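K.L.:
Attaching a single structure in structure tokens format; questions to follow.
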Amino acid sequence: MNYQTTALRRALAADYAIGLMPATARRRFDALLLADAALRVELGHWQDALASLTGALPERPVPDHVWAGIKARIEPQVLHVPAKKPFWMNLRLLAAAFAIVIAVLAGVLYQRDLGVEYNATLVAANQQPALQIKAFADHLQVEPLTLAAVASAQDLELWAIAPGGKPISLGLVPAAGKGRIPLNEAQRALLTAPLTLAVSLEPRGGSPTGQPTGPVLYQGALATR
Amino acid sequence: MSDADPLQPLLAQCALGDRLAFETLYRTVSPRLHGVALRFMGRQDLAEEVLQEAFVRIWYNASRYESHLAAPMTWMVNITRNLAIDQLRKRREQPLADGQQDAMLDDSPSAHEQLDREREARALNRCLDTLDGMQRQSISVAYFQGLSCSELANHMAAPLGSVKSWIRRGLERLRRCLES
């Protein structure tokens, strides 16, 4: 086919833009586009004209969990476990108090540094955010985002999986997905390395074998800090 | 398409890996793209899935945006539309389960629309008014449902050749009018 006629190029670009081309014609046109800058410009005009069809659509507020899901997919996630109170904690507290006084005097108070800054979002198989996890000194705080209902004879169990390693249980996810999961010393140490967090469906009371026995419903990868 | 489009520097910063710029971009355009996704999908949950996927693509493909080819919003609407149409095509291949049909919602326009949006819409409506009924209908069904030519002919119960020419002529008239 002769792709050089202006009218034909214009018509083909229009077909392509609105999506009428069958798959083979579409692939051929894709190849042409790569080599032909003027054709890309022609296509751009059609796409602009067609995009105006959506210009009159009303805006819709977006629920927060959509952003959480996007972030979970583009950011390396970090679950920061703050240091547990060591014996010199009081000294540190004193120093921190001084720092705050100075910051206030200077008029600069970095609020962010005082709260929990790190959390991870676990997503379901369809990439929808399901569970948010925040780290504290001796526990994880779990918040449900969109959690599937769990039968009363079953529990959700949270696992830490180091690259190439076996899953290690961090404990049961509280009923309804909201609450605390206490951490022991070994579990805390585990969370400082890059790993994957996963939630599996287990019999009531957790896996009887020490390894996940049911399907993994949610997961999220963590990076180190 | 104007050089002063504030979305353009945001996209450029996203291309450099600036997450803060991405969040600003998201806050600015997500309600608009959500409206687009909902128009295509007709269901809240499906629209949100498409929207999430669209923004993941926008982030990873920001460096491939070419400002001389399309306005940033056009580019982002196209990403959203293509994902929505892929989903619609997949769903057309598998029939709806019980109850899903009931979940379809009717998208009536929100009560207040911004002034420039209205002006834009007026220009579009004026141009759509220059099309005859079949041209208008075939363009809007092809655009919003992602039907191929033969599916479209089926849908409109009209010969393939007629549908093709309605769309061709309609699009041509629409673009000339919008550009005038």
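K.L.:
With respect to residue A:40, determine if the residue is at pLDDT 90 or above, under 30 Å from residue A:122 (Cβ atoms) and facing chain B (nearest Cβ under 7 Å).
P.N.:
No.
K.L.:
Would you mind stating whether residue B:67 is crowded, with 21+ Cβ neighbours inside 10 Å and of a type in the set (S, T, N, Q)? First the steps, then the outcome.
P.N.:
Details: crowded, with 21+ Cβ neighbours inside 10 Å: no; of a type in the set (S, T, N, Q): yes.
Taking the combined requirement at face value, the residue does not satisfy it.
K.L.:
Looking at (1) under 22 Å from residue A:123 (Cβ atoms); (2) out of contact with any Phe, Trp or Tyr (no Cβ under 6 Å at 6 or more places or on another chain); (3) not charged (D, E, K, R), can you tell me which one residue A:189 breaks?
P.N.:
(1)
Per-residue answers, yes or no, for (1) within 10 Å of chain B (Cβ to nearest Cβ); (2) crowded, with 18+ Cβ neighbours inside 10 Å; (3) of a type in the set (Asp, Glu); (4) under 28 Å from residue B:39 (Cα atoms):
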| position | (1), (2), (3), (4) |
| --- | --- |
| A:6 | no, no, no, no |
| A:15 | yes, yes, yes, yes |
| A:20 | yes, yes, no, yes |
| A:30 | no, no, yes, yes |
| A:34 | no, no, no, no |
| A:48 | yes, yes, yes, yes |
| A:55 | yes, yes, no, yes |
| A:58 | yes, yes, no, yes |
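K.L.:
Next question. Only residues that are surrounded by fewer than 19 Cβ atoms within 10 Å (Cβ to Cβ) and of a type in the set (A, V, I, L, M, F, W, C): list them for the range A:36-46, please.
P.N.:
A:37, A:38, A:41
K.L.:
Next question, about the same structure. I'd like to check something: does the range A:77-90 contain any residue that is in a helix (DSSP H, G or I) and at pLDDT 85 or above?
P.N.:
No, the range A:77-90 contains no residue that is in a helix (DSSP H, G or I) and at pLDDT 85 or above.
K.L.:
Looking at the range B:137-153, can you tell me whether even one residue there is at pLDDT below 80 and part of a helix (DSSP H, G or I)?
P.N.:
No: zero hits.
K.L.:
Could you say which residue among B:126, B:173 is loosely packed, with under 13 Cβ neighbours inside 10 Å and charged (D, E, K, R)?
P.N.:
B:126
K.L.:
Cβ-Cβ below 8 Å, separation at least six or inter-chain, first residue in the range B:147-173 and touching a residue at least 40 places away in the same chain (Cβ under 8 Å), second not acidic (Asp, Glu): which pairs?
P.N.:
B:173/B:127; B:173/B:130; B:173/B:131; B:173/B:135
The values are calculated or read from the model by the stated rules, or taken from the named source; none is laboratory data. Computed from a predicted structure; not experimentally measured. Here Cβ is always computed from backbone atoms with ideal geometry, including for glycine, and neighbour counts include all displayed protein chains.
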